[in-house]
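Read through the structure below, which is laid out as structure tokens, and then see the notes.
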Amino acid sequence: MTPLILLADDKKSAAVTDWAARIGWLVGLALFVALVYWLMREGWKWRGTLQGDLPALPSAPDDPGAVRLTMSGRYHGSTTAGQWLDRIVAQGLGSRSRAELTLTDAGLDVVRPGASDFFIPADALREALLGKGIAGKVLTEGGLLVVTWAHGDKLIDSGFRSDHAAEHTEWVDAINSMIKTNSTEGAER
């Protein structure tokens, strides 16, 4: 016989998979993922506890006045004003959801199916601008309508994205003119 034939005769079959070790690794990985999710949930709850001093959100008045603008889109969250990564989770403000916005003479009504609705009174509005990001959501420049408002002793930025992004500029102009009108009326009194 030639040496090549001898080598072919010495081959063994492939090792059988060690199923116990493989299952052990999969269980360990699943437990690790569950631990990470549990820690994330606890962190979310802890952040809500730390923000527990945030007062309850106002609800829309019975007679909000004339409708200036409406918009359907997404609510992406709220942060401490000027700190776009400091998410506010208390009072349900941390839940992303669909949103229907209505700007009236009384303020901004935010209706969120599946999450708690809230109302921003006209005298609490501070500024509206076009932004590119808010905690957990980054878009192109001008892709986000950011409304700054006062609630209790805290200034809050809330981020909205319309289904039609071209509406954002109209909303910024309307809210800022409403703020300017309210501040000049207050100065005359």
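Of the conditions (1) surrounded by 11 or more Cβ atoms within 10 Å (Cβ to Cβ); (2) modelled with pLDDT under 85; (3) among the hydroxyl-bearing types (Ser, Thr, Tyr), Thr17 fails just one. Which one is it?
(1)
Just one of (1) within 30 Å of Met40 (Cα to Cα); (2) open to solvent by less than 10 Å² (accessible area, probe 1.4 Å) trips up Gln91, so point out which.
(2)
Can you find a residue that is under 27 Å from the mean Cα position of the chain (by Cα), among the charged types (D, E, K, R) and in a loop (DSSP other than H, G, I, E, B) anywhere in segment 72-86?
yes
From the residues in segment 146-159 that are without any contact (Cβ under 8 Å) to a residue 60 or more places away in the chain and in a strand (DSSP E or B), which one is nearest to the chain's Cα centre (by Cα)?
Val146
Does Ala60 satisfy the criteria of being out of contact with any strand residue (DSSP E or B) (no Cβ under 7 Å at 6 or more places or on another chain), among the small types (Gly, Ala, Ser) and either part of a loop (DSSP other than H, G, I, E, B) or surrounded by fewer than 17 Cβ atoms within 10 Å (Cβ to Cβ) (or both)?
no
Which of the residues spanning segment 111-132 are part of a strand (DSSP E or B), open to solvent by 20 Å² or more (accessible area, probe 1.4 Å) and in contact (Cβ under 8 Å) with a residue 40 or more places away in the chain?
The answer is Pro121, Arg126, Glu127, Leu129, Leu130.
The values are calculated or read from the model by the stated rules, or taken from the named source; none is laboratory data. For clarity, every value in this text was computed on a predicted model and none was experimentally measured. Every residue, glycine as well, gets a Cβ built from its backbone with ideal geometry; the counts of neighbours run over all protein chains shown. In case anyone asks, the SASA skips ligands and DNA or RNA and just uses the protein heavy atoms, side chains included. Shrake-Rupley method; radii C 1.70, N 1.55, O 1.52, S 1.80 Å.
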